Amino acid sequence: MAEQIPAVTKAGPSATPEAKRFLEVLATHRLLAIVRGADPDAALRTVITLAEEGVELIEVSLVTGDALRVIRDARAALGEVADLGAGTVVTADDARRAAEAGATFLVTPAVSEAVAEGGRLGLPVLAGALTPTEVVTALGMGASAVKLFPASLGGVRHLRALRDPFPEVPFVPVGGVGMTEAADYLRAGAVAVGVGSPLVGDAAAGGSVEELRARIRGFRKAL
């Protein structure tokens, strides 16, 4: 087995309390569930099921059907303390609308104006980046952590390479992360992993909730 490298959980001295807490939850639970689908009612059921099964960080992608309603309804059902975020946040307007709907963190697919807007709104931002330049830019714009995306492009070797110059950056690989890959990324020093279809499956499109529960339990046991 490869040598395990400790995940980075340290927040910068200027990090907000919200950002520090976000990093603590990432480091403790190590799993960010990503929900996307065309059926808003099924997406909402998926979010509620994930929370019921103990998943502490849930992202609702803005490409989901009626995504803002899903976030609002999930927030009402789960209460104010739930770590419910919005994903695929690209513009400043996306960030503002997600915050108004009740998102407590934002996830972007790339370095965009949404990163800085999230900081202005007081929300932790998991900013998408792939290259060293993008990592530096995202952090400079106030990102709380870096979403290594698409992680499948370079795999664990790419994460290890990025951690050499950026040993204190909290990386969260997303994209093509299944159960086996998740364990490999965590051993390589990722603070957490983001998982969409390998975890959620077809639940957000109306698929079986019971099969979703079984997948959740499998992932949580593995991680």
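The values are calculated or read from the model by the stated rules, or taken from the named source; none is laboratory data. For clarity, every value in this text was computed on a predicted model and none was experimentally measured. Virtual Cβ from ideal backbone geometry, glycine too; neighbours counted across all protein chains shown. Note: accessible area is taken over every heavy atom of the protein model, side chains too, but ligands, DNA and RNA are not part of it. Shrake-Rupley method; radii C 1.70, N 1.55, O 1.52, S 1.80 Å.
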Per-residue ³J(HN,Hα) for the stretch 34-45, Karplus 6.51 cos²θ - 1.76 cosθ + 1.60, θ = phi - 60°, Hz, x for Gly and Pro: 10, 10, 8, x, 7, 9, x, 5, 5, 4, 5, 4
Cut-off under 5 Å, modelled amide H: who pairs with residue 147 long-range: 127, 128, 129, 172
From phi via Karplus (6.51, -1.76, 1.60), per-residue ³J(HN,Hα) for the stretch 87-95 in Hz, x at Gly/Pro: x, 6, 8, 10, 10, 4, 5, 3, 4
For the stretch 194-206, 3J(HN,Hα) per residue [Karplus equation, 6.51 cos²θ - 1.76 cosθ + 1.60, θ = phi - 60°, Hz, x = Gly/Pro]: x, 10, x, 4, x, 9, 6, x, 9, 4, 6, 10, x
Within the stretch 107-223: Cβ-based charge dipole about Cα centre, in debye rounded to nearest 20 (Lys, Arg +1; Asp, Glu -1): 380 debye
The chain - charge dipole about Cα centre, Lys and Arg +1 at Cβ, Asp and Glu -1, debye rounded to 20: 440 debye
Sparse-neighbourhood loop sites, GluC sites (Glu not before Pro) in the stretch 76-113 - DSSP loop, at most 15 other Cβ within 10 angstrom: 80
Heavy-atom accessible surface of the chain: percent carbon and sulfur, 1.4 Å: 53 percent
Contour minus Cα-Cα distance for residue 63 and residue 48 (0.36 nm per residue): 3.6 nm
Helix-only mean residue ellipticity at 222 nm for the chain, each DSSP H run of n ≥ 4 adding -39500 (n - 2.57), per residue, nearest 500: -13500 deg cm²/dmol
Over the stretch 97-223, equivalent-ellipsoid semi-axes from the Cα gyration tensor in Å: 25, 21, 11
